[in-house]
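Encoded as structure tokens, the structure appears first; notes follow it.
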Amino acid sequence: MDAIDWFVKDMINDRNAVAQDVVRPSTAAAQKFGAETVIMGCTIIAAIYQEYLMEGGKPAEVPLLNSNLMALKMAEGLTDLHKKGAYTLARSGYYMKPTGYFEEEVKRARRIWNASKPQK
């Protein structure tokens, strides 16, 4: 993990320099660690780099993954699966039900909560 040492307010004013500062250390880090790709962790930096590419900027030698686009593509893929009936949330398995001591505490808390509600 590395940083390019820019503040957000400064990034906005010199986006081309930010893009260049992303390319150089990413390429160096990939070479140093033998990485095949780099994931940009800052959404603002990723957006600035994406803008740089869209305006014809030269891509880095190593693929730089945009965390913003990765999240959107994942959501898009899950949406497509859901539309075809191939993806649903299994809520019963998603949340573990409390057992033992905690099961009794949940029941006690629920009784207290319900008793505190105004009676109609």
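The values are calculated or read from the model by the stated rules, or taken from the named source; none is laboratory data. Bear in mind the structure is a predicted one, so any value in this text is a computation, not a measurement. Positions of Cβ are backbone-derived with ideal geometry, glycine not excepted, and every protein chain shown enters the neighbour counts. All accessible areas refer to the heavy atoms of the entire protein, side chains included, with ligands and DNA or RNA removed. Shrake-Rupley method; radii C 1.70, N 1.55, O 1.52, S 1.80 Å.
Selection of helices (runs of 4 or more DSSP H) fully inside region 60-120 by the criterion of at least 2 residues being open to solvent by less than 100 Å² (accessible area, probe 1.4 Å), free of Cβ contacts under 8 Å to residues at least 40 places away in the same chain and among the aliphatic types (A, V, I, L, M) returns 67-83, 100-116.
The combined condition, being within 25 Å of the chain's Cα centre (by Cα), among the acidic types (Asp, Glu) and loosely packed, with under 11 Cβ neighbours inside 10 Å, is fulfilled by Glu36.
With respect to the conditions (1) loosely packed, with under 11 Cβ neighbours inside 10 Å; (2) out of contact with any helix residue (DSSP H, G or I) (no Cβ under 9 Å at 6 or more places or on another chain); (3) among the small types (Gly, Ala, Ser), Ala29 lacks only one, and its number is (1).
Does Tyr101 qualify as being farther than 30 Å from Ile4 by Cβ and touching a Leu at 6+ places or on another chain (Cβ under 6 Å)? Answer is no for this residue. Has region 48-58 got at least one residue that is open to solvent by 60 Å² or more (accessible area, probe 1.4 Å), of a type in the set (Lys, Arg) and under 22 Å from the mean Cα position of the chain (by Cα)? Within region 48-58, not a single residue is open to solvent by 60 Å² or more (accessible area, probe 1.4 Å), of a type in the set (Lys, Arg) and under 22 Å from the mean Cα position of the chain (by Cα).
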